[in-house]
Amino acid sequence: MNLRVLGRWLAITMFSTVLGLSQSNAQTIGSLFQMMGGMDTVSKLASGLLQSSASDPRLAGVMGKMNVGAVSPKLADQMCSMLGGGCKAPLTDQQIAAGASKLDASQTKALGDNFNSVLGNAIKNPIVKEGVSNAIGPKLGGIIGALM
C-alpha cells in the first residue's frame, strides 16, 4: 500500500472514529447524494460532463451525434441512483456493461478526464469527491456508451 493511499485510509478511519461511525451506520450522516448537494449538484455534474465531453476532440466520433439536452437528465438520474439519491436508474448493469464495449480505452480515458475536471469544480470536499469518483468513475464509459 503506498503512502498516499495509507494516508487517505487513516484520515477516513480517524474521521469516522471521531464521529463514532462505522461502515454500517454511515447512513445516519446521509448518502453521497446528500453530501454532495443533492439533485442540483448531480444535474450540474451530468450536464457539465456531457458539455465538456461533447467539445473534447478525443470524443468527437462518439459524442458528435449525442443530444446533450436529452441525455443529461438520464445521466443525472443514473448518477443519482448510484449515489444513493433514490432516483430510478434508467440503465441496468447489463446495459452499462454492453455500453462499455462502444468505447475504446482512449475514449474511456477522455471521459474520465472530463469527469474528474467537472467533479473537481462541482465538489470541494475531498472525501465526498473521492466517494463520488469511486462510485461513478469505473462505470462511466459504460454509462455514456449505453446512453448514446
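Data for the structure
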item	result
Normalised contact order of segment 30-148, rounded percent, pairs of Cα under 8 Å and 6 or more residues apart	35
Note, ³J(HN,Hα) from phi for segment 135-148, Karplus 6.51, -1.76, 1.60, rounded to Hz, x at Gly and Pro	6, 9, x, x, 9, 4, x, x, 5, 5, x, 6, 7, 6
Extended-chain gain in nm, criterion 0.36 nm per residue less alpha-carbon gap, Ala98 and Ser117	4.3 nm
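Only the coordinates and a few stated rules stand behind these numbers; no lab work does. Since the model is a prediction, treat every value here as computed from it, not as a measurement.
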